[in-house]
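The next block holds one structure in the form of structure tokens; read it before the comments.
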Ligand code: FES
Ligand SMILES: [Fe+2]
């Protein structure tokens, strides 16, 4: 696997491929529904304890566009947000009883009218 | 003066049909006909007496900052596509999004910026003020007067940045009169500083009123949200998450929660803890600008389908739009201050995901409730006294539909 994350977070590399290609909240939510809970839990257990370090690293880049390795790291922690919903609240990848799969449309004005 | 603010639900209301009283039996017993959530006849009656008559919230004025900015909103129950556009004179106007040639929608997509609206069928072109500007090959319409063929206008008005329309060609009362005593609470909803917004939409297999119900009662929270928000609102002193205060203004209502000021995220919830802490820091950075206060209702219900709540990072608004008798579309906006750091963006993502998932907990229940009611097993259901806001809404709608039937009878 080629290195895609900043060097300080190379140990998280095995999880990067799960999330770095997912650019929207909708796609991450769908990926969470598709992943086994154990995979989400393993990702969470490894990554969540590093969250403060990761965010301190990313915050140092200010508000403009992140370098590509940092952008991938950021996308991975957005994946962590979805994994955390599963691990911290539901002990399940999918909401118990929810239709599978389901999408919740996300967007600005455009999402809300058609 | 109509729709006066009151601490009790018995006050009269006016939706433009004249002054009416909420149905006394429903207010007293909380007993509601089950078919009000599934019958086709009831759905059609609500369409005609409510959605074709009431002021309906559409969009924020700041979503249309410049001349030519437009949005399209569909009021599905009425089969109407509403085009709202800011004119060159800076005035907001609303039109039926229907070409006067042969009926094609003239504006594409949900929003955009236009110099004019050129119909995608035969290129009739309308100005931002709705007037018909050009008919290609006009000599083939020798008898038509282009001056009469502007887009059909829809009544529109703005209060405190909230843009409402009314599908009644002659609204029975002004937006201001419709809002009545609830207006100050709407005015205190300061969305403008919250320039970052996450917008969600989901079609729910349940009547639109089933969608509204859990947005203004706390009774379900301990059960439905046992895994999520229960710990935030259920306390030993308030085991059923009851409102500490309720108020009613005509058809509108508000409920104030008791809250749980000592709530903190569990320490082992690392991501939620980080998000809540970061959101607090963001609030400190913007010095409280525009935030809900202790006097903000947990649920502000603008009749018929608009709800406003304090949100994790600012505000949360939602609407429940009827689609069929047994389905509705939920549209929600989560408002936040503009994030500066990656941490703040992450905190917002967590807050929206949490809102989405706890919303989904409600939707799953509604869809099952819908099947139970539509099975015909029971002819009625009950709202308790702690569910007085939905009870009041049911009483208002019952009277409106009775009144509309009486009007029809007297006209016949
Ligand atoms: S329908 Fe619009 S130009 Fe023909
Ligand atoms: Fe709920």
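The values are calculated or read from the model by the stated rules, or taken from the named source; none is laboratory data. All values reported here derive from a predicted model rather than from experimental measurement. Note that each Cβ is placed from the backbone with ideal geometry, even for glycine, and that neighbours are counted across all protein chains shown.
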If you check B:98, B:72, which single one turns out to be farther than 30 Å from residue B:14 by Cα and modelled with pLDDT of 95 or more?
-> B:98
Name every residue in the range B:163-206 that is within 16 Å of ligand 2 (Cβ to nearest atom) and farther than 30 Å from residue B:283 by Cα, in order of residue number.
-> B:204, B:206
Does the range A:8-15 contain at least one residue that is surrounded by fewer than 17 Cβ atoms within 10 Å (Cβ to Cβ), away from chain B (no Cβ under 12 Å) and closer than 22 Å to residue B:198 by Cα?
-> no
Limited to the range A:69-91, what total is found for residues that are at the interface with chain B (Cβ under 7 Å from one of its Cβ atoms) and within 18 Å of residue A:26 (Cα to Cα)?
-> 8
What are the residue pairs meeting all of these: first residue in the range B:114-132, first residue closer than 13 Å to residue B:149 by Cβ, second residue within 14 Å of ligand 1 (Cβ to nearest atom) and modelled with pLDDT under 95, Cβ atoms under 8 Å, and 6 or more apart or on different chains?
-> B:132/B:146
Which of the residues belonging to the range B:358-385 are more than 11 Å from chain A (Cβ to nearest Cβ), surrounded by fewer than 21 Cβ atoms within 10 Å (Cβ to Cβ) and within 14 Å of ligand 2 (Cβ to nearest atom)?
-> B:369
Considering every residue within the range B:158-165, establish whether at least one is away from ligand 1 (no atom under 16 Å from the Cβ), under 26 Å from residue B:43 (Cα atoms), away from chain A (no Cβ under 14 Å) and touching a helix residue (DSSP H, G or I) at 6+ places or on another chain (Cβ under 9 Å).
-> yes
Mind counting the residues in the range A:100-110 that are at pLDDT 90 or above and out of contact with any helix residue (DSSP H, G or I) (no Cβ under 8 Å at 6 or more places or on another chain)?
-> 0
Can you tell me which residues in the range B:55-102 are assigned to a loop (DSSP other than H, G, I, E, B) and within 16 Å of ligand 1 (Cβ to nearest atom)?
-> B:97, B:98, B:99, B:100, B:101, B:102
Only listed residue being in a loop (DSSP other than H, G, I, E, B), at pLDDT 95 or above and surrounded by 15 or more Cβ atoms within 10 Å (Cβ to Cβ), chosen from B:105, B:142 | B:105
Being more than 30 Å from residue B:205 (Cβ to Cβ) and in contact (Cβ under 8 Å) with a residue 24 or more places away in the chain is the filter here, so list the residues in the range B:25-40 that pass it.
-> none
Considering only helices (runs of 4 or more DSSP H) fully contained in the range B:176-243, which possess at least 2 residues that are within 14 Å of another protein chain (Cβ to nearest Cβ), surrounded by fewer than 21 Cβ atoms within 10 Å (Cβ to Cβ) and more than 16 Å from ligand 1 (Cβ to nearest atom)?
-> B:221-224, B:230-233
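Among the residues of the range B:33-43, is there at least one that is in a helix (DSSP H, G or I) and within 14 Å of chain A (Cβ to nearest Cβ)?
Checked the range B:33-43: no residue is in a helix (DSSP H, G or I) and within 14 Å of chain A (Cβ to nearest Cβ).
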Any residue at all in the range A:52-68 that is part of a helix (DSSP H, G or I), more than 10 Å from chain B (Cβ to nearest Cβ) and buried (at least 21 other Cβ atoms within 10 Å of the Cβ)?
-> no
